[in-house]
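Worksheet: the structure to be examined is printed underneath.
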There are 2 protein chains.
Amino acid sequence: MAVYTDVPEDALVAFVEGYDIGAVLSFKGIAEGVENTNYFLHTERGSYILTLYEKRVREGDLPFFLGLMEHLSTRGIVCPLPVRDRRGEALGRLAGRPAAIATFLEGLSIRRPTAKRCGALGEALARLHEAGRDFPLRRENALSLPGWRPLLHQAAAQADTVSPGLAARTQAELDRLEASWPTDLPAGVIHADLFVDNVFFIGEDVSGIIDFYFACNDLLAYDLAICLNAWCFEQDGSYNVTKSRALIAGYERVRRLEPAEVAALPILCRGAALRFLLTRLVDWLNVPEGAFVRPKDPLEYDRKLAFHRRAASAADYGLDR
Amino acid sequence: MAVYTDVPEDALVAFVEGYDIGAVLSFKGIAEGVENTNYFLHTERGSYILTLYEKRVREGDLPFFLGLMEHLSTRGIVCPLPVRDRRGEALGRLAGRPAAIATFLEGLSIRRPTAKRCGALGEALARLHEAGRDFPLRRENALSLPGWRPLLHQAAAQADTVSPGLAARTQAELDRLEASWPTDLPAGVIHADLFVDNVFFIGEDVSGIIDFYFACNDLLAYDLAICLNAWCFEQDGSYNVTKSRALIAGYERVRRLEPAEVAALPILCRGAALRFLLTRLVDWLNVPEGAFVRPKDPLEYDRKLAFHRRAASAADYGLDR
């Protein structure tokens, strides 16, 4: 939620002249995206988002992310479509940063997803998985199972200052997940960060999916588990099984889960909760002096993990078969 | 440059339903304006800016500001036009704050004004002064001469921690200004904060003037002096008399300065510099713990003041007559 890199107007005008999108009419920094700087850009040809990639995004990953958005867009997924410049390049450089222009998506970022919207999100997620099947590039998930232990090492010594017993709890959880993590489930391109603020709605319909900067190759059902964590818990920590059932049913209207995926759902949800617990915990313990962005509460995911630990089967998520 | 107040999507939708501007299509917090929270709002009917007024703006002043923008808009000044809701009100309430919707202005906020743009700004300023002549509401300038001594009292004890001798320098300047401040010059509605970031350009033309939240009744030529301070100094502190001449000439293409205004120009420029020196100094010495907004450098205006102190007449500003 910040503009990290300031773009002087003359540099912007020169940059936009490299594209066939007409002259700049307006240009405003917007409070969207935590990792990058985003500007709303209106030209004679239409509305766009200009993104400057900040240090947390590896430059070598950008062809994967931009290529994926282009791939998905051309297959009917409403996501930002990177605009290629006059030389055919989607990735440029502006104000010392890698930069890209993509189409602007209408729609509202919502705060409280209804069950109906969870259903729409489930459908959109499955469509994204289907559309990604033939995407030729690959990107390993740096924040999947093998990445969790290094995160725990970083945080373990100080974890109990955040909540008593947190280090031991997280350690035990990770041991358990390492022993039982599924490997032979359907895999493909996943979004991996499909939180409520990365999905736009018009009314009850999904009008756009943004922020593909964690997208990678991993288990498809793990992406569903990330969404169940992000969309189906209420503010008071309770799990809303009506929303969960709607989300899974929406997903299955497009792509039916295989029996092995259904069986693995509780463990995948535990893994997804642990992943966000760990990254939030590391961020929480490493807030830079004078930081603009308040870190997110890691304990929210500690509480979600406790719910998943008690789940016996997919039936606890509203999936009965 | 911050979004201080978060607006949940359902509250926004309900608020916009009170206006005849169609349904909301998109809504994004923008990094514009230091005092208030601004959102870019796109509806079926067009593009708007939604402003939530934060604590630094007095609620009782809002009818003056909104009324002025409406008054100027209908007289051909390109400034945000407040949209009245279905009950005919320009001022509403959203997320616990006074809130207003105004038309979106195209154009770019520039960093480095050229002489040509200074000329365009001068013309626009004079047009604003002419258009404001018959505006019926009044608002005293709380930051004019009588307001400066209380600011100095707040800052005097600590001023020398910012720069040695600053307290005595500022004190002497204020004494001098109090003894010689002009009172019988043409007065009217002034913008009073027409800095570079409050003026939009398309190419070399002014496409819009924003941020009327310091507008008030005061000497018209004092507004010109504020602009000379804000637009005509280079980064290295030198005064660019070419820009200054262009700005004044642009102003005079629309409204010719009276002899008494010409004679008073150096003292008005000193006053304008002292006003921003004092408010910046108070802000500098009172940065709240954990503040998001970095205060602006007061010494920039201490240096500008030194230039004005050496000016013998309006000729030093490129106005020879």
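Taking the number of Cβ atoms within 10 Å of each Cβ as an exposure proxy, the fewest-first ranking of A:178, B:70, B:261, B:9 is A:178, B:9, B:70, B:261.
Placing a label point 7 Å from the Cα of residue A:93 along the Cα-to-Cβ direction, the distances to the matching points in the other copies come to 5.4 nm, shortest first.
Quick one: plug the Kirkwood hydrodynamic radius of the protein assembly as shown (C-alpha pairs) into Stokes-Einstein at 37 °C, 0.692 mPa s, and report D in µm²/s.
Answer, rounded: 119 µm²/s.
Calculate the tail of P(r) for the stretch B:133-196: the fraction of all Cα-Cα distances greater than 18 Å, expressed in %.
When every Cα pair of the stretch B:133-196 is considered, 53 percent fall beyond 18 Å.
Label point of residue B:58 (7 Å along Cα→beta-carbon): distances to the other copies' equivalent points are 5.7 nm, sorted ascending. In nanometres and ascending order, the distances from the residue B:249 label point to those of the other copies are 7.4 (point 7 Å from Cα along Cα→Cβ). Taking a straight line from the alpha carbon of residue A:304, these lysines sit under 23 Å away, with near neighbours fewer than eight places off in the same chain left out: A:116, A:243, A:296. Counting only alpha carbon atoms, the long axis of helix B:166-180 and the longest principal axis of chain B meet at about 90°. Put a plus charge on the Cβ of each Lys and Arg, a minus charge on the Cβ of each Asp and Glu, and nothing anywhere else: the dipole of the stretch A:184-321 about its Cα centre is then about 340 debye. Report, in whole Å, the centroid distance computed from the Cα atoms of the stretch B:182-197 and the stretch A:297-316. So the separation of the two Cα centres works out to 62 Å. Relative to one another, the C-alpha centroids of the stretch B:204-269 and the stretch B:83-140 are positioned 17 Å apart.
In deg cm²/dmol, rounded to 500, what helix-only [θ] at 222 nm does chain A give when every DSSP H run of at least 4 residues adds -39500 (n - 2.57) and the total is split over its residues? Please report the intermediate quantities before stating the final value.
Details: 9 runs with 136 residues, N = 321.
Helix-only estimate at 222 nm: -14000 deg cm²/dmol.
What is the angle, in °, between the Cα long axis of helix B:62-74 and the longest principal axis of the Cα atoms in chain B? Nearest 10 is fine, range 0 to 90. With rounding to tens, the tilt is 90 degrees. Applying a DSSP loop filter and a limit of 16 other Cβ atoms within 10 Å to the trypsin sites (Lys or Arg not before Pro) in the stretch A:1-88 leaves A:45, A:55, A:56, A:58, A:75, A:86, A:87. Values of log10 I(q)/I(0) for the stretch A:9-104 across q = 0.19, 0.21, 0.22 Å⁻¹ run -0.92, -1.14, -1.26, by the Debye formula with one identical scatterer at each alpha carbon and no solvent.
Computed over chain B with a Gaussian network model linking Cα atoms closer than 10 Å, the most mobile of B:96, B:132, B:250 is B:96.
The angle between the Cα long axis of helix B:220-231 and the longest principal axis of the Cα atoms of chain B comes to about 90 degrees, rounded to the nearest 10. P(r) tail, chain A: Cα-Cα pairs separated by more than 37 Å, 17% of all pairs. Evaluated on the stretch A:85-222, the Kirkwood hydrodynamic radius is 18.2 Å, with distances taken between all distinct Cα atoms.
Laboratory data are not the source of any read-out in this text; all were calculated from the coordinates shown. Just so it is clear, the model here is predicted, and its values are computed rather than measured. Glycine also receives a Cβ, built like all others from the backbone with ideal geometry; neighbour counts cover every protein chain displayed.
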